[in-house]
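First comes the structure, then the notes that go with it.
Bear in mind these aren't lab numbers, they're just calculated from the coordinates by the rules spelled out. Note that this is a predicted model, so its numbers are computed, not measured. Note that we place each Cβ from the backbone using ideal geometry, even for glycine, and neighbour counts take in every protein chain shown.
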Amino acid sequence: MTGWTPESRLARVDELLCAAPVLPVIAIERLDDAVPLARTLVEAGLPVLEITLRSEVAIAAIRAIVRDVPGAIVGAGTVLDAAALTAVAEAGAVFAIAPGSTEALYAAAASAPIPFLPAIATASELMRGLEHGHRRFKFFPAESSGGIGALKSFGGPFADVRFCPTGGIDAAKAPAYLALPNVITVGGSWMLPKAALDTRDWKTIGDLASASAILAKRP
């Protein structure tokens, strides 16, 4: 789909992000890890995945997961410009997330075939996003930008906006974020400890992912 309306974009983003209470934020360094890691997360109850563009194999990893992991809802993170937005869509990602927002990205997102989730950290950035028709945002970096207190403050003047807070959140902090009415899902990497990734310890990652999948406050 191209030429998003505010309503169609909102509906599609909600559909994607409501599929799981927690959005794993994943940096894949070895292409061979992509499929088993994604399969582990999906089977543990975390089907929505953010594959960040932080390595040379990220685009290939997106393609592999889309092709080989049924049930995976694959998005791309660290999308910094229009070229990256085009590349992840062509690789098969069904949504894109940025760590910030620019006028160029907003312009590209308006005609992109996949929905785009911009990131904000301040009320002014949020208002700029609203001017471009967005009502769903990544709140990043969450903990260092005011965390739960900031999101509660946003809830007054921006009552119809919902967020995916990411940055500095772990399993202990996530439930308090998920309890907020304006939080749709929480992003994080706590279920992906470096030691487990380095040793391909899918059992440990699966156990942490399963624990994360039951964090939802929603019935």
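Quick notes on this one:
- Mean separation of Cα contacts under 8 Å (6+ apart) over length of the chain, as relative contact order %: 22
- Whole-angstrom gap from the stretch 56-96 to the stretch 130-209, using each part's C-alpha centre: 20
- Placing +1 on each Lys and Arg Cβ and -1 on each Asp and Glu Cβ, with no other charges, gives the chain a dipole about its Cα centre of roughly 420 debye.
- Shape analysis of the chain yields a ratio of the Cα radius of gyration to the Kirkwood radius, Rg/Rh, of 0.94.
- Measuring nothing but how far apart in sequence close Cα pairs (under 8 Å, 6+ apart) lie, relative to its length, the stretch 62-114 scores a relative contact order of 37 percent.
- The chain - mean residue ellipticity at 222 nm from DSSP helices (-39,500 (n - 2.57) per run, n ≥ 4, rounded to 500): -12000 deg cm²/dmol
- Efficiency of FRET from Cβ geometry, Ala60 and Asp160, R₀ 45 Å, rounded to 0.05: 0.75
- Summing Lys and Arg as +1 and Asp and Glu as -1 over all other residues whose Cβ lies under 14 Å from the Cβ of Arg12 gives a net charge of +1.
- In the chain, a dipole from Cβ-located charges (positive for Lys and Arg, negative for Asp and Glu) runs towards its positive end, and of Ala11, Leu49, Pro99 it is Ala11 whose Cα lies farthest in that direction.
- Charge sum, other residues only, whose C-beta stays under 14 Å from Ala209's C-beta, Lys/Arg counted +1 and Asp/Glu -1: -3
- Counting Lys and Arg as +1 and Asp and Glu as -1 over every other residue whose Cβ lies under 13 Å from the Cβ of Arg136, the net charge comes to +1.
- Taking the stretch 1-125 and dividing mean pair separation by its residue count, relative contact order in percent (alpha carbons under 8 Å, at least six apart): 24
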